[in-house]
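The values are calculated or read from the model by the stated rules, or taken from the named source; none is laboratory data. Small disclaimer: the values here were computed from a predicted structure and weren't measured. Glycine gets a Cβ as well: all are built from the backbone with ideal geometry, and neighbour counts include every protein chain shown. All accessible areas refer to the heavy atoms of the entire protein, side chains included, with ligands and DNA or RNA removed. Shrake-Rupley method; radii C 1.70, N 1.55, O 1.52, S 1.80 Å.
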Amino acid sequence: MVRVTAGVEAHTHEYISTSHEDQKFGFSIAGGDALEAVRRIVAAPGLKLLGLHSHIGSQIFVTDGFEVAARRVLRLHAEIERELGVTLPEFDLGGGFGIAYTTQDDPRHPADLARSMRKIVEEECAVLDIGLPKLSIEPGRAIAGPAAFTLYEVGTTKTVTLDGGTSRRYVSVDGGMSDNIRPALYSADYSATLASRESAATPVLSRVVGKHCESGDIVVKDEYLPSDVAAGDLLAVPGTGAYCRSLASNYNHVPRAAVVAVRGGEARLILRRETVEDLLALDVE
Ligand SMILES: Cc1ncc(COP(=O)(O)O)c(C=O)c1O
């Protein structure tokens with residue numbers, strides 16, 4: 001497959017937008033690099049080109065970016081067929097379908113999105129008068145993201161007074177940017193809920209923060225949590241099944257957390273907690 005840049009400004013954070021011109025991924029369609037790359041692959045003995053590939057970015061909720069990308073990449077697909085006489089059997093529109101990290105997020109169902117994509121591709125192929133290639137998509141977080149949540153234990157809390165006299169309560173937990181780098185990396189939003197007990201206490205504006213040595217070590221930037229949340233309580237942060245464990249690090253030389261699978265009320269440890277001994281095991285004596 002040849003990854004192409006469709007020149008699309010996806011509606012998402014710049015760091016996870018991957019199909020505008022000024023970024024590192026893909027051969028530019030507008031600049032002619034994509035067609036040239038295809039020419040060279042077609043001419044190279046031993047290489048078989050299956051198709052064009054576009055991935056416009058991640059955590060995208062509106063389909064217009066996918067639509068623009070699909071139409072632009074299909075035009076190149078048709079141009080390759082016309083000019084080089086090569087019919088590419090596949091067409092890959094990548095992933096990037098947003099999931100609900102907070103109650104503000106309203107994702108479309110993947111099956112619904114897939115139907116829309118297929119319709120766009122069918123329409124454009126009819127306009128371009130080309131056969132329908134096999135359509136692939138690569139939904140990453142839409143599969144794995146909602147499958148997990150992270151459970152943190154509260155350490156300390158403190159309340160600060162903000163300009164205008166309002167206040168914010170900081171709730172520190174026993175994890176942070178080593179188990180979820182996304183908020184620190186590109187201001188990703190998450191939500192949190194008190195998981196270890198019920199509380200009828202008044203909700204107060206809270207910021208859930210980690211235990212690392214950065215003020216930017218934020219787990220959940222803004223959340224209303226019961227005012228009686230205190231040390232020892234457990235907080236659940238949903239939507240952490242993608243890009244959390246796989247991006248986890250030993251930031252500050254902190255050992256990584258365990259992963260537990262739960263089904264039908266049964267829990268099974270699938271990744272054990274990392275120990276200090278694990279970290280020291282790489283030291284050469
Ligand atoms: C080429 C490609 N396809 C698909 C994905 C999946 O993206 P998402 O998890 O946002 O759906 C990624 C993520 O980085 C990617 O780089």
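Quick notes
- Computed on protein heavy atoms with a 1.4 Å probe, the accessible areas place Arg169, Arg272 in the order Arg272, Arg169, largest first.
- Cα long-axis angle, helix 33-43 against the chain (0 to 90 degrees, to the nearest 10): 60 degrees
- The value of relative contact order for region 111-251, using C-alpha pairs under 8 Å at least six residues apart, is 31 percent.
- Secondary structure note: in region 92-234, about 70% of the DSSP beta bridges are antiparallel.
- Relative contact order [Cα under 8 Å, 6+ residues apart], region 1-130, whole percent: 25 percent
- Using Cβ point charges alone (K and R +1, D and E -1), the dipole size of the chain about the Cα centre works out to roughly 420 debye.
- Taking each residue as 0.36 nm, the span from Gln23 to Arg108 lengthens on full extension beyond its C-alpha to C-alpha distance by 27.9 nm.
- Put the Cα centre of region 1-52 next to the Cα centre of region 72-112 and the gap is 13 Å.
- Taking the C-alpha atoms only, the angle from helix 64-84 to the longest principal axis of the chain is near 30 degrees.
- Spatially, region 266-285 and region 166-208 are offset by 26 Å when compared through their Cα centroids.
- Whole-percent carbon and sulfur share, accessible surface of region 165-231, 1.4 Å: 49 percent
- With helices as the sole contributors, the chain gives -7000 deg cm²/dmol at 222 nm; each DSSP H run of n ≥ 4 counts as -39500 (n - 2.57), and the sum is divided by every residue.
- Segments 81-87, 170-176 sorted - mean Cβ within 10 Å per residue, highest first: 170-176, 81-87
- For the listed peptides 4-15, 260-271, 189-200, a ranking on the average number of other beta carbons within 10 Å per residue, highest first, reads 4-15, 189-200, 260-271.
- Taking each residue as 0.36 nm, the span from Ala281 to Ile41 lengthens on full extension beyond its C-alpha to C-alpha distance by 81.9 nm.
- Within a straight-line Cα-Cα reach of under 14 Å, Lys158 can be paired with the following aspartates and glutamates, leaving aside sequence neighbours fewer than 8 residues apart in one chain: Asp228.
- Rounded tilt (10° steps) of 110-128 against the dominant C-alpha axis of the chain: 20 degrees
- Each Cα pair under 8 Å and six or more residues apart adds its sequence gap; the mean of these over the residue count of the chain is a relative contact order of 14 percent.
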